[in-house]
1. Testing THR42 on (1) touching a helix residue (DSSP H, G or I) at 6+ places or on another chain (Cβ under 9 Å); (2) farther than 21 Å from VAL176 by Cα; (3) among the hydroxyl-bearing types (Ser, Thr, Tyr); (4) in a helix (DSSP H, G or I), one condition comes back false. Which one is that?
2. Mind listing just one residue for me: the one in region 85-108 that is polar (S, T, N, Q) and in a strand (DSSP E or B) and, of those, nearest to ILE74 (Cα to Cα)?
3. Scan region 56-84 for residues that are over 18 Å from ASN160 (Cα atoms) and part of a loop (DSSP other than H, G, I, E, B) and report the count.
4. Does region 61-84 contain any residue that is of a type outside the set (Asp, Glu), touching an Asp or Glu at 6+ places or on another chain (Cβ under 6 Å) and closer than 23 Å to TYR172 by Cα?
5. Of all residues in region 175-203, how many are touching a residue at least 24 places away in the same chain (Cβ under 8 Å) and outside any loop (DSSP other than H, G, I, E, B)?
6. Among the listed residues TYR172, TYR154, identify the single one that is in contact (Cβ under 8 Å) with a residue 60 or more places away in the chain and hydroxyl-bearing (Ser, Thr, Tyr).
7. Identify the residue in region 109-152 that is more than 18 Å from ILE73 (Cβ to Cβ) and modelled with pLDDT under 90 and, among all such residues, is surrounded by the fewest Cβ atoms within 10 Å (Cβ to Cβ).
8. Of the residues LEU61, LEU77, LEU18, LEU40, which single one is within 15 Å of the chain's Cα centre (by Cα) and surrounded by 14 or more Cβ atoms within 10 Å (Cβ to Cβ)?
Amino acid sequence: MIFHQNPHQLLNGNKSNLRAEFLTKRKQLSAKVVQEQSQLTTMVLTNFLTTIPFTKIAFYLPIQNEIDLTSAIISQLQLQKQIYIPRFLTQTSTYEMAQISNLDTDLILGKYKVREANKNIPTLFDVSKIEIWLVPGIVFDQQGHRIGFGKGYYDKLLANSSQNSIKIGIAYPWQVLDQIPFNSTDISMTTLITDCIFKITDY
C-alpha cells in the first residue's frame, strides 16, 4: 500500500509545540470521524495481522479520541491470541503488562481515566515475550519516531521489549509527518498503520 504524504511535511517547533497542536486537533474530532477512522484502521490492522505468525500481542485502550481498536481485541481473542494491556503502577509511576481474556470482566478504570487490567490479573514480568506492540501516539514520522504525552511511559515499556518484536504505531493519516524531533532514548516504531500500512523496517 502507498502511505499518504502529509501536507505539513516537517513542522517547525519542538516536541511540546507539536504535542499541543496535534493533541488539540485530535480532541476536536467528531465522534463520527473517530468511529469511521477506527473501523478503517481496524480493518487494515486485522488484515495485516493475518500475514504474521504470532501468539502474544499488546493492545492499548483509547483515550482522548485515539483510534479505537476494541473490535480488533475481540477478534484476536476469538482467534485464541494472548492479549496484553498496560496497567499503571502507582508506586513507581510506570506501566506493566497484564493479560486479559474478557473485556467485560477483566478491566477497571485506572489512572488518567484509562481502562486497564484488574489488579488481580497476574503481571507479565518478561515483556520481551510480546511479539507485537500496538502503540498510540500524538505525532509520528515516516522514520517511525513518535511523540506521545511526554511521560515516557511507552518508551520505558518498549525498552524491555524484544528487538525482534514488531512495534506498530497506530494513527490518523494526518498524524504522520515526514520528520519530527526525537531523542536518542525514544523507541521507534517498525510499522505505522493508519488507513494503510507503512513498513519502516524489515521483519
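The values are calculated or read from the model by the stated rules, or taken from the named source; none is laboratory data. Nothing here was measured: the structure is a model prediction, and the numbers come from that model. Cβ coordinates were reconstructed from backbone atoms using ideal geometry, including for glycine residues, and neighbour counts include every protein chain displayed.
1. With respect to (1) touching a helix residue (DSSP H, G or I) at 6+ places or on another chain (Cβ under 9 Å); (2) farther than 21 Å from VAL176 by Cα; (3) among the hydroxyl-bearing types (Ser, Thr, Tyr); (4) in a helix (DSSP H, G or I), THR42 is out only on (2).
2. Going residue by residue through region 85-108, those that are polar (S, T, N, Q) are 90-94, 99, 101-102, 105.
This time we only want the ones that are in a strand (DSSP E or B), so: 94, 99.
Numbers: THR94: 26, GLN99: 13 Å.
Top of the filtered list is GLN99.
3. 12
4. Narrowing region 61-84 to residues of a type outside the set (Asp, Glu): 61-65, 67, 69-84.
Within this subset, residues satisfying the condition of being touching an Asp or Glu at 6+ places or on another chain (Cβ under 6 Å) are 62.
Subset that is closer than 23 Å to TYR172 by Cα: 62.
Yes, because at least one residue in region 61-84 is of a type outside the set (Asp, Glu), touching an Asp or Glu at 6+ places or on another chain (Cβ under 6 Å) and closer than 23 Å to TYR172 by Cα.
5. Applying the first criterion (touching a residue at least 24 places away in the same chain (Cβ under 8 Å)) to region 175-203 yields 175-182, 185-198, 200-201, 203.
Within this subset, residues satisfying the condition of being outside any loop (DSSP other than H, G, I, E, B) are 175-177, 191-193, 197-198.
The number of residues fulfilling the criteria is 8.
6. Working: TYR154 fails: in contact (Cβ under 8 Å) with a residue 60 or more places away in the chain.
Criteria check complete, one pass: TYR172.
7. LYS113
8. Among LEU61, LEU77, LEU18, LEU40, only LEU61 is within 15 Å of the chain's Cα centre (by Cα) and surrounded by 14 or more Cβ atoms within 10 Å (Cβ to Cβ).
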